[in-house]
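Participant: This is the structure I want to talk about, given as structure tokens.
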Amino acid sequence: MAQAVSRLRHFKNIEFILGILLAGTMTLLVLLSPLLFPDGGEQINLTARLTKPFTDWAHILGTDPLGRDVLARVITGGKISLLVGFTSVAGAVVVGVVMGLVSGYYRGFWDMLVMRFADVQLALPFILLAITFIAIVGGGITNTIILLIVSQWVQYARLVRGSVLSLNDREFIHAAKAIGVPDFKILFQHLLPNLAGPVIVLMTLNVATNILLESSLTFLGLGVDPTIPSWGGMLADGRTYLQNAWWVSVFPGLAILFTVLGLNLLGDWLRDLLDPTGRTET
């Protein structure tokens, strides 16, 4: 009973409530965008170009320089930002967790090889890595996702490696080795479940980070194809109209703000839920 009350209290946490409201609402709208806006916000109406927000019910958030509905483009453009954010984190987790498990468990040559490679990558500024990568392979959604995976797998590898090093000397690992459990099962059935909490928290925070990075790269012309609506692309399109059509950039910016803030709040809530001893009560 006490555990049930404790769990219920966690779901009444203000961070959880705000995180679900902000990130959940944006994600739900994006998922429903094909039903809400079948044209994808691409319908051009030059007679309604640069309509101010809240002056026309047909375009509640106004229109852009081509007369396209800003609300439709913000909701539709969220598909790209969320796709890049979640997919890149999933890829970085797979690569980083496997590298960290192998490095921490086998140590020796593999540990040195993986960690030295990680040190070299950490020494490279992200913007330099991005410019070099995009110059070689080009932009686009797929290449942006690969770039983010390449730049972030190190975080998961280091986190997992450190945890594995501390778990290697635990009794249940020694017992598994003594009875002849294969290394594969020790890695993925005994070690990995004990690392799930910190990895999940880092994933939540990195989704928010990657949404920001995708928007920044697209704004700089290094990310998603500018013909595809995305939050970063809309920010870039509206920068020349900030003085007389601020809404073209402000509303995509607010979509990024609310989504990232919601995901960060959920990340903080998960951290407190999975590691209650890491927070000091006041």
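The values are calculated or read from the model by the stated rules, or taken from the named source; none is laboratory data. A quick note: this is a predicted structure, and the numbers were derived from the prediction, not measured. Ideal geometry is used to build each Cβ from the backbone, glycine not excepted, and the neighbour counts take in all protein chains shown. Just the protein is used for accessible areas: all its heavy atoms, side chains included, with ligands, DNA and RNA removed. Shrake-Rupley method; radii C 1.70, N 1.55, O 1.52, S 1.80 Å.
Participant: Using alpha carbons only, how many degrees (0 to 90, rounded to 10) separate the axis of helix 141-167 from the longest principal axis of the chain?
Facilitator: So the inclination is approximately 30 degrees.
Participant: Take V94, project a point 7 Å from its Cα along the Cβ direction, then tell me which residues of the range 146-181 have their backbone nitrogen under 18 Å from it.
Facilitator: Answer for the range 146-181: 146-157.
Participant: I want to make sure I understand the PRE zone here: with the label point 7 angstrom from the Cα of T227 toward its beta carbon, which residues in the range 57-99 have backbone N atoms less than 20 Å away?
Facilitator: From the range 57-99, the list is 65-69, 73-74, 76-81.
Participant: While we're on this one: For the chain, what does the accessible surface come to per residue with a 1.4 Å probe? Please give it in Å².
Facilitator: Counting only protein heavy atoms, the per-residue value for the chain is 53 Å².
Participant: What is the spin-label model distance, in nm, from K185 to N45 if the labels are put 7 Å beyond Cα along the C-beta direction?
Facilitator: 6.5
Participant: Also: For the chain, what does -39500 (n - 2.57) per DSSP helix run (n ≥ 4), summed and divided by total residues, give at 222 nm, in deg cm²/dmol to the nearest 500?
Facilitator: Estimated from H runs of four or more residues: -21500 deg cm²/dmol.
Participant: Specify the angular offset, from 0 to 90 degrees and rounded to the nearest 10, of the alpha carbon long axis of helix 196-219 from the longest principal axis of the alpha carbons in the chain.
Facilitator: 30
Participant: How high is the relative contact order of the chain? Use alpha-carbon pairs under 8 Å, at least six apart in sequence, and give a whole percent.
Facilitator: So the answer I get is 26 percent.
Participant: How big is the gap, in Å, between the Cα center of the range 53-89 and the Cα center of the range 162-181?
Facilitator: 51
Participant: In nm, to one decimal, how far is the modelled label at I200 from the one at A178, with both set 7 Å along Cα→Cβ?
Facilitator: So the two model labels end up 3.1 nm from each other.
Participant: Moving to a separate point now. Using θ = phi - 60° and the Karplus form 6.51 cos²θ - 1.76 cosθ + 1.60, what ³J(HN,Hα) does each residue of the range 103-118 get, whole Hz, x for Gly and Pro?
Facilitator: 5, x, 7, 8, 6, x, 4, 5, 4, 5, 4, 5, 6, 5, 5, 5
Participant: Looking at the chain, which longest stretch skips every one of the GluC sites (Glu not before Pro) that is in a DSSP loop with at most 14 other Cβ atoms within 10 Å, leaving the sites themselves out?
Facilitator: 43-280
Participant: Next up: Quote to one decimal, in nm, the extra length available between S166 and L32 on full extension: 0.36 nm per residue of separation minus the C-alpha distance between them.
Facilitator: 43.8 nm
Participant: Here is a follow-up. Relative contact order of the range 84-211: what whole-number percent is it, with Cα pairs under 8 angstrom and at least 6 residues apart?
Facilitator: For the range 84-211, the relative contact order is 45 percent.
Participant: Can you tell which of G96, I20, T55 lies farthest toward the positive end of the dipole of the chain, using +1 and -1 charges on the Cβ of basic and acidic side chains (Lys, Arg; Asp, Glu)?
Facilitator: The residue sitting most towards the positive pole is G96.
Participant: What net charge do the residues around G233 carry, taking every other residue with its C-beta under 14 Å from that of G233, with Lys and Arg at +1 and Asp and Glu at -1?
Facilitator: -1
Participant: If you take the charge dipole of the chain about its Cα centre, with +1 on Lys and Arg Cβ and -1 on Asp and Glu Cβ, which of G108, W247, G262 is farthest toward its positive end?
Facilitator: Sorting the options by dipole projection puts first G108.
Participant: What trypsin sites (Lys or Arg not before Pro) in the range 68-126 are in a loop by DSSP, with at most 13 other Cβ atoms within 10 Å of the Cβ?
Facilitator: Listed in order of number, the matching sites amount to none.
Participant: Roughly to the nearest percent, how much of the accessible area of the chain is carbon and sulfur, given a 1.4 Å probe? Spell out each step's value before the answer.
Facilitator: On the way: 10220 of 14980 Å².
The nonpolar share, carbon plus sulfur, comes to 68 percent.
Participant: Assuming R0 = 35 Å, can you tell me the calculated FRET efficiency for the pair D119 and I14, based on Cβ-Cβ distance, to the nearest 0.05? Intermediate results must be reported in sequence, preceding the final value.
Facilitator: Details: r = 40 Å, r/R0 = 1.13.
Efficiency for this residue pair is about 0.35.
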